[in-house]
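Some notes on the structure that comes next.
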Amino acid sequence: MKRHLEHPASEMAESESQEGNYDNRGNKVEIFKTDMEELMEKMEKQTVCAAQMAYDCVAIRTDPDLHNAMQHLKDVFLICKEQMEKKWQDVLTESRGDGQKKE
């Protein structure tokens, strides 16, 4: 009690400081809640994506027609790639042959 009578201004400043700290804590709590809500939304979206990927994997593994179609696409791609490499080698050979004739 004696302190209160001796230093009323310092006690008033201390009270204002505590109010500021309380307001600051309140703001931090609100920011924390907002951040947590955003993180939860992101986690929910990631969970949905993971579930869709798992579903797609199961569908691919259990549908033989899909697997066969994917294998056919892979085979056709490799054949096309091989033919493109041969054509590229022919172009290179022709360009080297033309270059040698000009010399």
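List the number of the failed condition for Ala51; all other conditions in (1) open to solvent by 100 Å² or more (accessible area, probe 1.4 Å); (2) at pLDDT 85 or above hold.
Looking at each condition in turn, Ala51 falls short on (1).
In the set Glu30, Glu6, which member is on the phi < 0 side of the Ramachandran plot, at pLDDT 80 or above and open to solvent by 80 Å² or more (accessible area, probe 1.4 Å)?
The unique qualifying residue is Glu30.
Among the listed residues Leu66, Leu39, identify the single one that is aliphatic (A, V, I, L, M), assigned to a helix (DSSP H, G or I) and at pLDDT below 85.
So the residue among Leu66, Leu39 that is aliphatic (A, V, I, L, M), assigned to a helix (DSSP H, G or I) and at pLDDT below 85 is Leu66.
The values are calculated or read from the model by the stated rules, or taken from the named source; none is laboratory data. Quick caveat: nothing in here was measured; it's all calculated off a predicted structure. Just the protein is used for accessible areas: all its heavy atoms, side chains included, with ligands, DNA and RNA removed. Shrake-Rupley method; radii C 1.70, N 1.55, O 1.52, S 1.80 Å.
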